[in-house]
1. In segment 76-91, which residues are under 17 Å from Arg105 (Cβ atoms), open to solvent by less than 100 Å² (accessible area, probe 1.4 Å) and either over 14 Å from the mean Cα position of the chain (by Cα) or free of Cβ contacts under 8 Å to residues at least 60 places away in the same chain (or both)?
2. Given Leu34, Leu72, which one is under 19 Å from Ser20 (Cα atoms) and over 12 Å from the mean Cα position of the chain (by Cα)?
3. With Ala11, Ala29, Ala7, Ala63 as the choices, which residue is closer than 29 Å to Pro101 by Cα, aliphatic (A, V, I, L, M) and free of Cβ contacts under 8 Å to residues at least 40 places away in the same chain?
4. Kindly provide the set of residues from segment 1-57 that are over 21 Å from Ala78 (Cβ atoms), of a type in the set (D, E, K, R) and assigned to a helix (DSSP H, G or I), ordered by number.
5. Out of Ala29, Ala17, Ala11, I need the residue that is loosely packed, with under 13 Cβ neighbours inside 10 Å and not charged (D, E, K, R). Which one?
6. Could you check how many residues of segment 68-101 are at pLDDT below 95 and either in a helix (DSSP H, G or I) or touching a Cys at 6+ places or on another chain (Cβ under 9 Å) (or both)?
Amino acid sequence: MSDYSSAVQQALLFIDANLSGDLSTSSVAGLLGLSVGYLSTLFKKEMNKTLSEYVRERRMEYAAYLLCIGELQIQTVALHCGIMDVQYFSKLFKRHHGMSPTEYRAQHRNVRKL
């Protein structure tokens, strides 16, 4: 993390600690006291992806984790990941992981039993 500027480090820490909250670029920039344009440019330059792309990736990684560790309903997992619409969540999850949340959970269960 030391390779990143202080602003990007703070953004990364805030995002990881608040995956269920409002993580729009404007809200993160406001919290850090930065302009949206400055944070967007800096984040893209240092991370090679937009802040929105990073948030989406982290939320999908967290969703996979939640699906693997318990029996939460898919809708509950979506809410823990800051996504209110379960259909949109399922679409994002499938795009990111190549399978639906239900399929992912079933596949993980089979791996865990082996």
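The values are calculated or read from the model by the stated rules, or taken from the named source; none is laboratory data. The shown structure was predicted, so the numbers you read here are calculated from the model rather than taken from an experiment. Note that each Cβ is placed from the backbone with ideal geometry, even for glycine, and that neighbours are counted across all protein chains shown. To get the accessible areas, we keep the full protein, side chains included, count just its heavy atoms, and leave off ligands, DNA and RNA. Shrake-Rupley method; radii C 1.70, N 1.55, O 1.52, S 1.80 Å.
1. Selection gives Thr76, Val77, Ala78, Leu79, Ile83, Val86, Phe89, Ser90.
2. It is Leu72.
3. Selected residue: Ala63, the only one of Ala11, Ala29, Ala7, Ala63 that is closer than 29 Å to Pro101 by Cα, aliphatic (A, V, I, L, M) and free of Cβ contacts under 8 Å to residues at least 40 places away in the same chain.
4. Within segment 1-57, Lys44, Lys45, Glu46 qualify.
5. Result: Ala17 is the single residue among Ala29, Ala17, Ala11 that is loosely packed, with under 13 Cβ neighbours inside 10 Å and not charged (D, E, K, R).
6. Here the count works out to 2.
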